[in-house]
Structures are given as structure tokens and as C-alpha cells.
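Colleague: First the structure, which I've put down as C-alpha cells, then a few questions once you've had a look.
The values are calculated or read from the model by the stated rules, or taken from the named source; none is laboratory data. Computed from a predicted model, the values in this text were never measured in an experiment. Quick reminder, even Gly has a Cβ in these numbers, built from the backbone with ideal geometry, and neighbours come from all protein chains shown. Heads up: the accessible areas ignore ligands, DNA and RNA and are worked out on the full protein's heavy atoms, side chains in. Shrake-Rupley method; radii C 1.70, N 1.55, O 1.52, S 1.80 Å.
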Amino acid sequence: MTKDDYTTTGIFSLNMNLNPKKKQHYVPRGYLKNWMAKREAKEGKKSEGVWVWSINGTRKNRFCTDLMDISQERYFNKLCIDQDIYDMLVYKYQGANELVIGIINELKLLLAVDLYKKELGQNHAKLDVVNKNLLEDKYEKLETAFLKTINKINECPKDYIKDLINGNFDLRDLVGFYAVQLFRSKKMRKSIGTSIKSFTISRDGTEKRLSEEQKDNLIKAILFIESIRFANDLSNTSFSVELLLSNSQDSFITSNSPAVSLGNRKKHLSNVSEIHGFIPLSPKVGMVIRGYKPLNKNFMIRYIDSQMIREYNKITVNWADDEIYTSQSKWCL
């Protein structure tokens, strides 16, 4: 697709939401709703909310709020791709599999948008919605598929197992959710941005250093591609899923960086067969993902007591970015 594919009404043929989505979540609301609880609310306010615990003092130490106010930032997934960024992606992923190449080809749409806007084409300002929504829409489509499985588990683990045996669900949905959430978080984006000081592109014997804005957009694109590639690679290994079911009054907590990589993160991300991760799925269900099969099993269920739940909650707190989410106004480690 090129800039010439956009006419006065051409934008309306795009298969995407054309209303700008301002509050963009880096942890899905459909996931966080599992920690919703009844609360005292003023007239006109919602009667349910999530308890939020700030662990760096930037907000109140504890408060109960709506899902729209947590794990989100204004246009967090807005993505702009110019020729420099696109060429960097093509160079980085040369020789990659068809899945990755397909994603890069889809992102080429944003290069066409950039060219059209720079040439001040007719109604060019309207195309800003493509930058704001394209990546957000892609994440939402993944959420819809993954959360269908997670909701089934949270409703009744026994029914999920029956559906799993009957082929109605796929363990790869759980692998995909973990992988995408691991790369999608604000914490991961900040970590990569801090560890990589700059990007430089070489053309015709000259080098150009990308601006900070270009760097940020390149990282957004890379993290999206890596989340899909990581999920695909992990799904093609001898992976295993272990569900942890609470057998006590204690509950799992979660955070604004819920997918945890246990052990050496860099080693795990470079070799999926060694991945060992954890993510809470609800107050009563947690999940461990491994890139190998303990006891040669790819699916296990373990009932755990209060002490073990608190151990996993400590892991969640230590991995969190700056907020912890709970379904109760009081909890302990």
C-alpha cells in the first residue's frame, strides 16, 4: 500500500476503529475485571472497583478506583513509522519467518500514512487516527481471543479441562496471553528504552542517529513483533502450563506488570525452551508457564495453600512497575 491508496474517503475503507481511543491500556481491562469488588460509591459512581496500592508513592498509598483509571496512558500505543524506522525493522528482521515478515508488511501501512501526511495530501490530518489506533486495535484483537480462555478457567477450572480435552480450547491461548503481556507492559518498554541508548541507521556510507521520538516508536514496534514471535516460538517448544488453584482464604494479587519472568530474563527471552514464568489469572487462579515439560507433562493443576500464595504474591510485588491491584482492601504477604 502506498500514499496513493488514500483518497478523500479512502480512510473509511480501513479495517480499524476510526474513533480515537485516548485511554489505552497496557494491561487489559478484561483481565483486570477479575479483581473487581463491591465498594462504597458516591451517587453516580460505579459500585465496583479495584483496590490499588501504590508502591512508589506517586499516588495515594491505597484507593479503590474504576478500571478506566489504571494500567493505562493517553495514546500509549500510538505508533508512527517513517522510512528510517521501517528500514530498521526490515534490517533487524531480515531472514525472519513468514509470521514476522507478515507483521512488518502490515505495519507498512503506517509508512504510507507518514508519506501521505508529509506531502500534505487531502484530509491528511484525519490519518492521525490510524497512528493512534492501529497498534491498540491489534492488541485488542489478541485480548479478545486470549481472554475467552482465561474467563472460562476463572468461571470453572473443571469445565475448562473438559473443554481442553474435547479440543474446544488450546493451551497456546494461555501461552499467547503470557507472552504478549510480558512484552506489552510499560515496565518492559521503559526497560528497553533505558538499556538501549540510541539507534543508528547506515545508508550510502553515512550514518544517522534516530531521534528520541523515532527511538520510542521503533521500540513500540519491536516489542509488538517480539511478543508475537515469542508466543509462536514458545508454542512450538515442549512447553507446559501449570494452573495454581487457591485452596485457602488467601488470594492472588496482580499488578500493572503482571507477567513475571522467573530467573534470568535475558537468558529466557533468548531461549524460550528455558522460560519459567508466572502470571496471576484471577484472585483464585495463578498460572506458571515453562518452556519445557516437567515430568513430561504439558498441563498440570496444583492446589496451593496460603503460604505458597503469599510467596507468589511476593514475586508479583517485586516484579510490579508501580501499582499492585487487589480485590480486597486488606491483604498481606
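Colleague: I'd like the distance separating the alpha-carbon centroids of the range 216-252 and the range 138-202, in whole Å.
Modeller: 5
Colleague: Using a 1.4 Å probe on the protein heavy atoms only, what accessible surface does Tyr303 show? Give it in Å² to the nearest 10.
Modeller: Only protein atoms counted, so the area is about 140 Å².
Colleague: Output the pairs from Lys148/Lys330; Lys132/Lys158; Lys138/Lys197 with a Cα-Cα distance over 32 Å in this structure; if there are none, say none.
Modeller: Lys132/Lys158
Colleague: Hey, another quick one. Apply the Karplus parameterisation 6.51 cos²θ - 1.76 cosθ + 1.60, with θ equal to phi minus 60°, to every residue of the range 203-208 and state each ³J(HN,Hα) to the nearest whole Hz, in sequence, with x for glycine and proline.
Modeller: Using θ = phi - 60°, the values come out as 9, 6, x, 10, 10, 10 Hz.
Colleague: Right, next: In Å², what does the accessible area per residue of the chain work out to with a 1.4 Å probe? List each step's numbers first, then the result.
Modeller: Values: 16550 Å² over 333 residues.
Spelled out: the 1.4 Å probe surface of the chain, per residue, equals 50 Å².
Colleague: On a 1.4 Å probe surface of the protein chains, which of Lys23, Lys158 comes out largest in accessible area, and what is the full order?
Modeller: The most accessible residue leads, giving Lys158, Lys23.
Colleague: Using a ≥ b ≥ c from the Cα gyration tensor of the range 217-333 (square roots of the eigenvalues), is it rounded, prolate or oblate, where a/c under 1.5 gives rounded and otherwise the larger of a/b and b/c decides, a/b for prolate?
Modeller: Judged from the Cα gyration tensor, the range 217-333 comes out oblate (a/c at least 1.5, b/c at or above a/b).
Colleague: Further, regarding this structure: Rounded to the nearest 500, what is the chain's calculated 222 nm mean residue ellipticity when only DSSP H runs of at least 4 contribute -39500 (n - 2.57) each, over all residues? All intermediate terms of the calculation are to be shown ahead of the outcome.
Modeller: On the way: 10 runs with 140 residues, N = 333.
Estimated from H runs of four or more residues: -13500 deg cm²/dmol.
Colleague: List the residues whose amide H sits under 5 Å from the amide H of Ser257, counting only those 5 or more places along or on another chain, with H placed 1.01 Å from N in the peptide plane.
Modeller: Those qualifying (amide H under 5 Å, at least 5 residues apart or on another chain) are Asp321.
Colleague: How big is D, in µm² s⁻¹, for the chain by Stokes-Einstein at 25 °C and 0.890 mPa s if Rh is the Kirkwood radius over C-alpha pairs?
Modeller: The diffusion coefficient I find is 114 µm²/s.
Colleague: Still on this structure: Grab every C-alpha pair in the range 155-233, bin the distances at 5 angstrom width from 0 up to the longest one, and report whole percents.
Modeller: Percent of Cα pairs in each bin: 3, 13, 17, 14, 13, 11, 9, 6, 5, 4, 2, 2, 0.
Colleague: Beyond 18 Å, what percent of the Cα pairs of the range 287-333 remain?
Modeller: In whole percent, the share of Cα-Cα pairs in the range 287-333 beyond 18 Å is 47.
Colleague: A follow-up question, please. So for each of 176-183, 120-127 I average, over its residues, the number of other beta carbons within 10 Å; can you give me the resulting order with the highest mean first?
Modeller: Ranking the peptides 176-183, 120-127 by packing returns 176-183, 120-127.
Colleague: Next up: Springs between alpha-carbon pairs under 10 angstrom, Gaussian network model over the chain: which of Asn97, Asn298, Asn34 fluctuates most?
Modeller: Between Asn97, Asn298, Asn34, it is Asn97 that shows the largest mean-square fluctuation.
Colleague: Over 28 Å between C-alpha atoms is what I'm after, so list which of Lys78/Lys187; Lys21/Lys190; Lys33/Lys220; Lys38/Lys152; Lys92/Lys297 land there.
Modeller: Listed pairs above 28 Å: Lys92/Lys297.
Colleague: Also: If we count every other residue with Cβ under 14 angstrom of Asn232's Cβ, Lys/Arg +1 and Asp/Glu -1, where does the sum land? Intermediate values should be presented prior to the final figure.
Modeller: Working: positive: Arg172, Arg229; negative: Glu98, Asp170, Asp173, Glu226, Asp233.
For residues surrounding Asn232, the net value is -3.
Colleague: Which ³J(HN,Hα) values, rounded to whole Hz and listed in residue order, are derived for the range 145-162 from phi using the Karplus coefficients 6.51, -1.76 and 1.60 in 6.51 cos²θ - 1.76 cosθ + 1.60 with θ = phi - 60°, glycine and proline given as x?
Modeller: Computed from phi, the couplings for the range 145-162 are 5, 6, 5, 4, 5, 5, 4, 5, 5, 5, 5, 6, x, 5, 5, 4, 4, 4 Hz.
Colleague: Taking all protein chains as present, what is the carbon and sulfur share of the accessible area of the chain, in % to the nearest whole number, probe 1.4 Å?
Modeller: Carbon and sulfur together cover 48 percent of it.
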